[in-house]
Amino acid sequence: MKKTILITLILFFTLTFSSYAQKTSTTTNETTPYEIGRNELKINMVSLIGFKWFDFSYERLLNEESSFGVGTLFALDNNTEYYRTFSLTPYYRQFFSPKYAEGFFVEAFTMIHSGKQDFYDDNGTFIAENQKYTDLAVGISSGYKVISRRGFAAEVYLGIGRNMLSKSDEEVVGRGGVSIGYRF
């Protein structure tokens, strides 16, 4: 089921954005970040290599200082011992750089995430094993993004959020990684 959803999303993004062409300046052969495009697709390589999570995101630039996006994470290994097997993370970013939507940024995010974990009561007594949960976290991150003249994007970010529904034994969630992608 997860593979079907993943393939459908990849095909959707590919077909939707394949009609966008890279624009070039009429006065020079170089492109500016705005002329490259306002959309980005990225893959978090730390999640893929370190945790066997396929974590990809789409980001839309609003102007030279801000953007919004959504990240989706799927666990590739069903037998994983990690606490998160799925998450959907919408975010808003504010950039603090003279360059167009790149450089240092701060983001606010929400994360709907689910997984399996062992539950214990307040005294530390075991209650249940591998129980499913779904929770909602709210948090903040910061990072740095660079864009090449041809649209290659790379970013490093790190953040933390707090679970609001208390459906998970974890009080906080982490968000971070090293993502690579393309601006079009």
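Placing dummy labels 7 Å off each Cα toward the beta-carbon, the span from Val46 to Ala108 is 2.3 nm. Ranking of Glu171, Glu65 by neighbouring Cβ atoms within 10 Å, starting from the fewest: Glu171, Glu65.
In units of the rule-of-thumb radius 2.2 N^0.38 Å, segment 34-114 shows an alpha carbon radius of gyration of 1.23.
Taken together, the values in this text are just the output of simple stated rules run on the coordinates, not laboratory data. Every value quoted in this text rests on a predicted model; they were computed, and no experiment measured them. Virtual Cβ from ideal backbone geometry, glycine too; neighbours counted across all protein chains shown.
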